[in-house]
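The block underneath contains the structure these notes are about, expressed in structure tokens.
Nothing in this text is a laboratory measurement; each read-out follows from the coordinates by a stated rule. No experiment lies behind these values; they were computed from the predicted model shown. So basically every Cβ, Gly included, is an ideal-geometry build from the backbone, and we count neighbours across all protein chains shown.
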Amino acid sequence: MSSPAVGQLTRRAGMLAFGVAAALASSKFAVAWWTGSISVLASGLDSLLDMASSGINLFAIITASKPADQDHRFGHGKAEALAAFLQSIVISASGGFILYQSVKGFWAPPSKMIQDGPALVVMIASLLMTIVLVRYQARVIAQTDSVAVSADKLHYLSDIFGNALVIISLGLTRFTGIGLFDSIGGLFIAAWIIKSSFEILQQSLGVLMDRDISDRYRDVLKSVLDDHRPDVIGYHDLRTRTSGYTDHLEFHLEMPADLSLAESHEIVERIMHVIRERSSTDLDIVIHSDPASINRSGQVILEDKAEPRFY
């Protein structure tokens with residue numbers, strides 16, 4: 001899929017997430033004030049932070065879709081990972097606040113009786129809206145591999161779990177008349193939110209620190225190079241990373257030393273074309289040709305002796 005099409009899909013997902021979070025936050029806060037429910041208040045705060053995170057996300061998605069320029073030769077793709085990193089901090093903070101409110105609820109009962117009817121209505125509506133949003137985000141991720149939309153989806157998945165817990169706790173409160181279930185529900189929500197924040201942090205740091213993604217390409221690379229023997233002897237120094245909508249792939253191609261510059265150039269161009277055809281993502285490929293020969297025992301002899309060698 002082309003970068004413009006990917007950018008359009010991710011922007012649409014970002015705008016939808018922001019709109020849903022804004023609607024949910026306002027309705028939950030209104031109902032929490034009306035009913036006195038800690039778990040609904042916690043869920044409302046989570047939705048407010050979702051709105052802030054999705055706003056940051058949307059800005060990052062728009063920035064990441066910009067083409068490379070004079071100051072950013074590799075493009076702006078890491079803006080998505082940076083947004084996901086910031087989201088992890090915000091989500092962790094929201095989990096800490098919910099944890100505090102829930103623990104406090106064990107010793108300080110609510111100032112008024114929880115009116116669970118309106119709370120249940122808004123939480124069920126919230127659950128259904130979030131499920132629809134997550135299903136849409138999953139389709140966008142399948143087509144774009146966007147780390148920012150993935151981070152958004154992860155914390156909205158946590159919202160589905162959280163909303164379900166709030167509904168259960170409110171149902172138990174209604175059935176038993178024991179308000180303690182409201183605080184217990186808040187504790188579970190806090191634990192799930194904090195867990196989700198660490199998953200987002202790990203994913204975003206992997207992109208920001210250029211974690212290697214060679215496993216995605218080794219099979220494709222081997223197949224393409226096998227198709228081009230004997231003009232290709234092998235490869236080494238495979239290095240990969242991802243940034244926004246583009247994966248960067250670099251390696252040294254071992255080619256017969258007696259090939260002319262024009263011949264080796266033509267082969268390299270053909271190999272890059274085939275690799276791009278067999279990949280589902282945008283690829284930036286850099287290939288360095290190394291002259292090589294094979295001795296009588298079948299051992300590959302490279303004129304370039306530099307280390308290390310990655311495969």
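The length gained by stretching the chain between His288 and Arg135 to full extension, at 0.36 nm per residue less their Cα-Cα distance, is 50.9 nm.
Of all trypsin sites (Lys or Arg not before Pro) in segment 196-253, which ones are in loop regions per DSSP and have a Cβ with at most 15 other Cβ atoms within 10 Å? Taking segment 196-253 and a limit of 15 other Cβ atoms within 10 Å, the loop trypsin sites (Lys or Arg not before Pro) found are Arg211. The Cβ shell under 13 Å around Leu157 holds other residues with a net charge of -2, Lys and Arg each +1, Asp and Glu each -1. Exposure proxy shown here: for Ser54, Ser260, the number of other Cβ atoms within 10 Å sets the order, fewest to most, as Ser260, Ser54. Taken along the Cα-to-beta-carbon direction at a fixed 7 Å, the label points for Val103 and Asp219 span 4.7 nm. Using the Cβ-Cβ distance between Asn295 and Ala191 with R0 set to 45 Å, the FRET efficiency works out to roughly 0.15.
By the rule of a C-alpha distance below 18 Å, with chain neighbours fewer than 8 residues away ignored, the aspartates and glutamates paired with Lys66 are Glu80, Asp145, Asp247, Asp282, Asp284.
Between Asp212 and Phe175, the simple spin-label model (points 7 angstrom out along Cα→Cβ) gives 5.3 nm.
Show me the trypsin sites (Lys or Arg not before Pro) within segment 245-280 that DSSP assigns to loop and that have at most 16 other Cβ atoms within 10 Å of their Cβ.
Working: sites: Arg270, Arg276, Arg278; in loops: Arg278.
Sparse-neighbourhood loop trypsin sites (Lys or Arg not before Pro): Arg278.
Among Phe198, Phe18, Phe161, the order by Cβ neighbours within 10 angstrom, fewest to most, reads Phe198, Phe161, Phe18.
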